[in-house]
Amino acid sequence: MKKKMNKKVIKHLKGDIKTFKHEAKEDKELVKKLSSKKHEKHEKHESKVHEKKEHKAKKRAMKRRVPKAKGKVEKVMHEFKEGALHSGSKKGPVVKSKRQALAIALNEQRRAK
């Protein structure tokens, strides 16, 4: 009687093992499909972000330069070279740093627009 029980149990376990193997195979396939879809979504998102960045760069490049503003920078840098550029008002100290002169020039350029 024990032998018959053992055979039935073994037969049942073999069936379970086959079922588990089949389910594991299905799970692996499902994981592959899901990961590939996730990867595709990620690539699409990256391409959209890249397109937006390119568009913004083109917009910046296309902005029209104002001739007045260009003249301001030249004027301020010329004053600096002559030693007549003051920080703040004409009463302020003379600018000695080229960096500071450039900062003043860019500020005036921005105001001229």
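The values are calculated or read from the model by the stated rules, or taken from the named source; none is laboratory data. Since this is a predicted model, take the numbers as computed values, not measurements. Note that we place each Cβ from the backbone using ideal geometry, even for glycine, and neighbour counts take in every protein chain shown.
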Completion exercise
The one condition residue 103 fails out of (1) at pLDDT 85 or above; (2) loosely packed, with under 11 Cβ neighbours inside 10 Å; (3) under 32 Å from the mean Cα position of the chain (by Cα) is (2)
Problem - When residues of the stretch 63-85 are limited to those that are at pLDDT 90 or above and not in a helix (DSSP H, G or I), the one surrounded by the fewest Cβ atoms within 10 Å (Cβ to Cβ) - result: 83
Practice task
Could you please find all residues in the stretch 86-113 being of a type in the set (S, T, N, Q) and assigned to a loop (DSSP other than H, G, I, E, B)?
Solution key: 87, 89, 97
